[in-house]
Amino acid sequence: MAALASSRLTVVSTPLKALIDDHVNNLVRMGIPAAGLYTSTGQSFEYQERVFSELSLGILPILFITPEKLEKNRSFYRLLQKIYRTQGIQFVIDEARL
């Protein structure tokens, strides 16, 4: 997986929450730190804060998000901008739909 060979954060955008959860669970089972964020209220505030903290510290190499998370959450967008300026980010678009 190219994301693990890079020192930059890899952000994977996919529209399906179930797919995000599946990918994150599989990676974590393999010992690879990963997290998923989406706009749904199904995620606790504490979970989201933990992910934001891990992103800020640079200890989370792979993040799955829904497109809406990036579009609707300004603080998350600003955090990604900061990470981009300091560490760099590579983006992956999964299952693009028109």
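The values are calculated or read from the model by the stated rules, or taken from the named source; none is laboratory data. For clarity, every value in this text was computed on a predicted model and none was experimentally measured. For neighbour counting, all protein chains shown are included, and Cβ atoms are generated from backbone atoms with ideal geometry for every residue, glycine included.
Quick check on my filter: what residues within segment 36-63 are surrounded by 14 or more Cβ atoms within 10 Å (Cβ to Cβ) and within 17 Å of residue 75 (Cα to Cα)?
Matches in segment 36-63: 36, 37, 38, 39, 43, 48, 51, 52, 54, 55, 63.
Going residue by residue through segment 73-95, is there one that turns out to be modelled with pLDDT of 85 or more, over 19 Å from residue 13 (Cβ atoms) and over 12 Å from the mean Cα position of the chain (by Cα)?
yes
Name the residues in segment 54-90 that are touching a Lys or Arg at 6+ places or on another chain (Cβ under 9 Å) and small (Gly, Ala, Ser), would you?
56, 88
Anything in segment 56-66 that is in contact (Cβ under 8 Å) with a residue 40 or more places away in the chain and of a type outside the set (A, V, I, L, M, F, W, C)? List them, or say none.
Matches in segment 56-66: 58, 61, 66.
Among 46, 68, which is the only one that is over 18 Å from residue 17 (Cβ atoms) and either touching a Cys at 6+ places or on another chain (Cβ under 9 Å) or not β-branched (Val, Ile, Thr) (or both)?
Residue meeting the stated conditions: 46.
Residue pairs, Cβ under 6 Å, 6 or more apart or interchain, first in segment 67-90 and among the charged types (D, E, K, R), second modelled with pLDDT under 90 and surrounded by 11 or more Cβ atoms within 10 Å (Cβ to Cβ). List them.
Short answer, once both residue conditions are applied: 68/39; 69/38; 69/39; 72/39.
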